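Shown next, in structure tokens, is the structure this report addresses.
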There are 2 protein chains.
Amino acid sequence: MKNHFSWKPLVVVEVAVILLIALPSCNSGNILVVPVDGSHWVNMKVLMEELHLKGHIMTVIRGSNTMYIAEKSPLYTSITIPIRTHLTEDFFPKFLKNVFEVQRGDKYLIKFLKFQKELLFMMSEIHCYSCQMVSDILENTELVKKLKEAQYDLVLTDPALAGGVVLAHYLKLPLVLNVRWIPSGEGHSALAPTPLSYIPSPGSGFSDRMSFTERVINILYCGITVFQQRFMIGPHYQALCDRYFESSCDIETLIQSADIWLMRADFVFEFPRPTMPNVVYMGGFQCKPPKALPEDLEEFVQSSGEHGVILMSLGTFVDSLPSDICDEIAFVFATLPQKVIWRHLGNRPSMLGNNTLLVNWMPQSDLLGHSKVKAFVAHGGTNGVQEAIYHGVPVLGIPLLFDQYDNLLRLKEKGAAKILDIATLERGIFSSAILEILHNPSYRLNMQRLSRLHHDQPNKPLDSAIFWIEYVMRHKGAAHLRSESYKLPWYAYHSVDVIATLLAVPLLLLLTIIGVIRYFCHRVCKIKSE
Amino acid sequence: MKNHFSWKPLVVVEVAVILLIALPSCNSGNILVVPVDGSHWVNMKVLMEELHLKGHIMTVIRGSNTMYIAEKSPLYTSITIPIRTHLTEDFFPKFLKNVFEVQRGDKYLIKFLKFQKELLFMMSEIHCYSCQMVSDILENTELVKKLKEAQYDLVLTDPALAGGVVLAHYLKLPLVLNVRWIPSGEGHSALAPTPLSYIPSPGSGFSDRMSFTERVINILYCGITVFQQRFMIGPHYQALCDRYFESSCDIETLIQSADIWLMRADFVFEFPRPTMPNVVYMGGFQCKPPKALPEDLEEFVQSSGEHGVILMSLGTFVDSLPSDICDEIAFVFATLPQKVIWRHLGNRPSMLGNNTLLVNWMPQSDLLGHSKVKAFVAHGGTNGVQEAIYHGVPVLGIPLLFDQYDNLLRLKEKGAAKILDIATLERGIFSSAILEILHNPSYRLNMQRLSRLHHDQPNKPLDSAIFWIEYVMRHKGAAHLRSESYKLPWYAYHSVDVIATLLAVPLLLLLTIIGVIRYFCHRVCKIKSE
């Protein structure tokens, strides 16, 4: 495993540029950003835009196969790492097709196991890709020298893929996480105590109030996560740790040693749960007050009159649903008096009504902030859900994969969303669901209550995030906020050794007393019988 | 127990005044404050002064035997409850004398047990007094009617004595706690998971890094707290709950159901530990930038020249140390080139030097903020410790009782204090300790680092506290930040039932298989033998 990855040369110019801009200045920090691609990058960029406004200098490490992370940007200088991946170009579309097939299959257990297999394979592949990238960096002595000489103030990374965490440890730099997920599951689970009696495991689809059976299943779900981390994902990182660090360590410990966790959640959205002093909640940090719409879109929205507009989008990852489902949805939309704006990249549904506008892209946040928008048909990605909360628009959810069901469940539990199952989605079900969201005022009222709570914070989430990033730069870390308890072995952390000792002492005493009594009884009996 | 307390009539005028001022207004809240006397009241008053500035109206419930809580104040209207207590006037001085005797006795275990007995007796008495006060209120139908009609927005209370918590539940009002201690120990322990492997029990004198033996003792300490709560303190509150609430409840559950916990700690001071979303850390909220000193005091301070000044104070509870110890300390002070300001209310020590000024009271915070002040000899009460952190003055601690040793330990662990044991205090030890604090720069540097960290927060602690009190008024509670997990029975909370089931299933399976195998072996043997 030690020589699993090899180094590919970098463009020298890029390294030179890094060096030029990386000279430390009095008022601005020098930040090394190791992002994750896709919707995660959308999040990271929001932080980076604000850091840029504050005068901080950033260097981004990107893979050569990135989908979203531009090589050139006024925000940052980039270092491109050539990526050799087993993932072919059609990997994600194929994965998605399989997911749809699995979800619409018949038998639940087989569906579930197939889906888990698909997911595990994909997770293992993308973590392998993250590790390969870090290995390529660390094998490139020239690049490592430059990274060390650049004197970064901190590493800002998204630990959903934990390569950036390994790199920060190697460079001995303070570490700030922009986090929702870590390789072993939900971010909190590595950090704060997570009693499984009221904290639902990701993917379980449970709320914080579980029946006995649900609590049993919840623990089994947690087992899947442990298995995944131990056998599918962990080994990739362990190989890196074994190769590049002298003292033994593992990826979980490296993640736990981060200075500040900027958590992409808040407790308007998330179920209340234990947390730690170095976790900063910045849920909805990406949301902004709505800007004016482009003229044609505004005209379309206004044409909806008193009935208003329905938005539909399934996020950046899913271009479109299977065509039969699209037809069912289009049919229902056509029967409504509302206007519909639908982000859809596949074939045009055959049943599309005149009231429905198909778009490749839409200014989603600005639209959600428009007073005419009455409902949001969404897949339940974190960004969309947070934007819906921010603007107070009730959601009709069609979750597809990852955390989407769990996200939507949090809204549903608060009376602000309905959830539909893609497996059983047909016009009757979709129609009654969208009509309920539109005409039962409780959904809108509940969502507006969540929105009021979200806006009522002492600081804006983005301002908090920036404060704590700058805090770590000012104090060269935040060790005093970080519990070192994770360095205890598991049996000590859970006091198993102490409890065993405390139980053993009276037990030994009891056994000794019984032994002595038996011995004397025996002697007495012997004497009597003589 | 049901009729343990009886009602005494109240001054009718007071009730009328409450009603007059308690009419709800648009911009101001209407707050019922149930404080705890002594240094706890000093804290509560800081919050109340700020709430008063914000235009909120407050009603304070005070016992007739209060030491500090004035009947008339521009800040609030008061309701005085006549108190019948078993505590005689000399109870506290006698208790303190006993504590000194116990601490300066010979044998550790006997000392410890005696001290615990003293403490338990005192705790039981003062909780009994708190319960009597609430019972007197609830038996007074006229007063209860007025309290209900006053339409308070919330109850603000210090749950060190939990009468206010019971009252809030009875009046069905949102509840904000100004908290460090609750009847069952440290505030967090009722709320957030508290792994005893790295969270030292109050009074244990351990840090967050414990040896195996310390971890064993830590769990035993926790046992003492449980015993105290279950058998000495809990029954007083249980009698109240049983008498006044129809559905069964206990004081722990009522405390856990508070909307917001304003915790008088922060993680510059406290060891990092799990927390919950509805805990707001306001450690040092009482601290303010220093004001100019009275002219004579400023003159005295300036007369210290380059050597500077030492402050000494043992808080509001302890007027003076035993006279032989005072003499030893006075002797050492007399040998120093520094000037000394000493809050001392007992007999004048015989060895007092010319450099030492004895005072009945001093503007402690303003003095700590003076650049000439070099060291603070203190008992380690929370207020003094927080003020020392705020102003960055290193501490020589002489802890006497309660949380004082634990407070000082937190500073010592961060290299900002030394702790002396009153049992062994004599001139040699005191002299070398104060000289080390004065001349080893690390104490001052470490304390100034803590001070910088304390001041570097997104919001001032007092502003945070006020924000969250007003938040509870705006939203009529903060249930979404409160985990309801405390309503689970203990075995469900800790998943004992689930784990037992998950272990029982394979065990039953194994036993069945063994049974079947044995049955067939038996049959085969039988057949063979036939």
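Overview of results
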| quantity | calculated |
| --- | --- |
| Relative contact order for region B:295-455, counting Cα pairs under 8 Å that sit 6 or more residues apart, in percent | 21 |
| Residues along region A:270-310 losing 30 Å² or more of accessible surface when the other protein chains are present rather than the chain by itself (probe 1.4 Å) | A:PRO272, A:PRO274, A:THR275, A:MET276, A:PRO277 |
| Percent breakdown of C-alpha pair distances by 5 Å bin, ordered from the shortest bin, for region B:111-181 | 3, 15, 20, 21, 16, 9, 6, 5, 3, 1, 0 |
| Considering only the protein assembly as shown, percent of DSSP beta bridges that pair antiparallel, nearest 5 | 5 |
| Share antiparallel - DSSP beta bridges, chain A, percent rounded to 5 | 5 |
| Translational D in µm²/s for region B:397-451 (Stokes-Einstein at 4 °C, 1.567 mPa s, Kirkwood Rh from C-alpha pairs) | 111 |
| Interface burial for A against B (accessible surface, 1.4 Å probe, total of both chains, Å², rounded to 100) | 3900 |
| Viscosity 0.890 mPa s, temperature 25 °C, Stokes-Einstein D of region A:490-529 from Kirkwood C-alpha radius, µm²/s | 201 |
| Quotient of C-alpha Rg and 2.2 N^0.38 Å, computed over region B:234-322 | 1.85 |
| Portion, in percent, of the accessible area of region A:295-455 that falls on carbon or sulfur, probe 1.4 Å | 49 |
| Mean projection area, nm², convex hull over Cα of region A:267-383 | 9.0 |
| Cα convex hull volume per residue for region B:173-248 (Å³) | 115 |
| Magnitude of the charge dipole, the protein assembly as shown, Cβ model with Lys/Arg +1 and Asp/Glu -1, debye to 20 | 2040 |
| Residue-by-residue Karplus 3J(HN,Hα) for region B:375-391, coefficients 6.51, -1.76, 1.60, Hz, glycine and proline x | 7, 10, 8, 9, 7, x, x, 4, 4, x, 4, 5, 5, 4, 5, 3, 9 |
| Long-range Cα-Cα pairs in the protein assembly as shown (distance over 45 Å), rounded percent | 44 |
| Whole-Å semi-axes of the ellipsoid equivalent to region A:360-434 (Cα gyration tensor, √5λ, descending) | 19, 14, 12 |
| Size descriptor, Kirkwood hydrodynamic radius, that averages inverse alpha-carbon separations across region A:122-230, Å | 15.9 |
| Å² per residue, accessible surface of region A:295-455 at 1.4 Å | 38 |
| Approximate shape of chain B as ellipsoid semi-axes (Cα gyration tensor, √5λ), whole Å, largest first | 44, 34, 23 |
| Listed residues B:PHE376, B:PRO322, B:HIS455: farthest to the positive end of the dipole of region B:295-455 (Cβ charges) | B:HIS455 |
| Dipole magnitude of chain A, debye to nearest 20 (Cβ charges: Lys/Arg +1, Asp/Glu -1, about Cα centre) | 1380 |
| Compactness of region B:423-530 as Cα Rg over 2.2 N^0.38 Å, two decimals | 2.59 |
| Residues of type lysines that B:LYS97 reaches as a straight line, Cα spacing below 30 Å, ignoring anything fewer than 8 places off in the same chain | B:LYS45, B:LYS107, B:LYS111, B:LYS114, B:LYS117, B:LYS339, B:LYS412, B:LYS418 |
| Cα-based equivalent ellipsoid, region B:295-455: semi-axes from gyration tensor eigenvalues, Å | 21, 18, 15 |
| Per-pair calculated FRET efficiency, R0 = 25 Å: A:ASN65 and A:LYS97 via Cβ, rounded to 0.05 | 0.75 |
| Alpha carbon centroid spacing (whole Å) that separates region B:305-365 from region A:470-530 | 47 |
| Leading residue at positive end of dipole, the protein assembly as shown (Cβ point charges), from B:LEU352, B:SER303, A:LEU119 | A:LEU119 |
| Listed residue (A:SER313, B:MET133, B:VAL332) projecting farthest to the positive dipole end of the protein assembly as shown, Cβ model | B:MET133 |
| Lys, Arg +1 and Asp, Glu -1 on Cβ, resulting dipole of region A:295-455 about Cα centre, debye, nearest 20 | 520 |
| Accessible heavy-atom area order of B:TYR491, A:TYR198, highest first, probe of 1.4 Å | B:TYR491, A:TYR198 |
| Kirkwood Rh and Cα Rg combined as Rg over Rh, evaluated for region A:433-493 | 1.31 |
| Heavy-atom accessible area order for A:GLU214, B:GLU413, largest first, 1.4 Å probe | B:GLU413, A:GLU214 |
| Teacher prompt: A:TYR486 distances to equivalent labels in other copies, 7 Å Cα→Cβ, nm | 2.8 |
| Accessible-area composition of region B:90-225, carbon plus sulfur, in percent [1.4 Å probe] | 60 |
| Chain B: relative contact order in percent, alpha carbon pairs under 8 Å with at least 6 residues between | 13 |
| Label-to-label distance, nm, for residues given as A:GLU426 and B:TYR519 (7 Å Cα→Cβ offset) | 4.8 |
| Members of region A:498-515 that become less accessible by 40 Å² or more once partner protein chains are added (1.4 angstrom probe, chain alone as reference) | A:VAL498, A:LEU502 |
| The protein assembly as shown: calculated mean residue ellipticity at 222 nm from DSSP helix runs of at least 4, using -39500 (n - 2.57) | -15000 deg cm²/dmol |
| Residues losing 10 Å² or more accessible surface upon assembly, region A:196-236, compared with the chain by itself, 1.4 Å | A:SER197, A:TYR198, A:ARG209, A:PHE212, A:ARG215, A:VAL216, A:ILE219, A:LEU220 |
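The values are calculated or read from the model by the stated rules, or taken from the named source; none is laboratory data. Please read all numbers here as calculations on a predicted model, not as lab measurements. Neighbour counts run over all protein chains shown; Cβ positions are idealised from the backbone, glycine included. For the accessible areas, the whole protein counts, side chains as well, though only heavy atoms, and no ligand, DNA or RNA atoms are used. Shrake-Rupley method; radii C 1.70, N 1.55, O 1.52, S 1.80 Å.
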